[in-house]
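Student: Questions regarding the structure given below will be posed in turn.
Just so it is clear, none of the values below were taken in a lab; they were calculated from the coordinates. Please read these numbers as outputs of a predicted model, since none were measured by experiment. When we count neighbours, we look across all protein chains shown, and the Cβ atoms used for this are built from the backbone with ideal geometry, even at glycine.
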Amino acid sequence: MHPKTGDAPKNAQNTGLSLSRLLSPALMAEEQQQKPQGIPPRYDLNAKWDACLDITMRRLTYSSLAGAFTALLFFRSPVTQWASVAFAAGVGIGSAYTDCSYIFDGFPHKVSSSEVSSISSGSP
């Protein structure tokens, strides 16, 4: 009898999987020993800049597309259509700027209602 042609690849795959399962704990331990301690996320400026650029590009693109769609629906003049796109792009960039400032500087301190009432009444 001839062996089925599909048996050989399945056997080869099963052997590869079983070997990788046996070796994976040893490989993981070795990787953890060789891996240097990274920069804490709080001080990782590269990650912060990447996040800010990503947010900025997405919000600029999506808001510009929304402004273009709105302009095509509501305005006939090319000047007002471009103004709508420019306004939407400005909203997107402003929103991204706000979020990037939170990423770099952290969220602002929340003001409680008692602080607001003491400030408005003039008492220290």
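Student: So how many residues does segment 64-76 have that are exposed (fewer than 14 other Cβ atoms within 10 Å of the Cβ) and either hydrophobic (A, V, I, L, M, F, W, C) or part of a helix (DSSP H, G or I) (or both)?
Tutor: Total satisfying the criteria: 4.
Student: Oh, and also: Take segment 79-112 and flag every residue that is surrounded by 11 or more Cβ atoms within 10 Å (Cβ to Cβ), of a type in the set (Val, Ile, Thr) and more than 23 Å from ASP50 (Cα to Cα).
Tutor: Listed by number, the residues that qualify are THR80, VAL85.
Student: For THR61, are the conditions met, namely being polar (S, T, N, Q), surrounded by 12 or more Cβ atoms within 10 Å (Cβ to Cβ), outside any loop (DSSP other than H, G, I, E, B) and touching a residue at least 40 places away in the same chain (Cβ under 8 Å)?
Tutor: no
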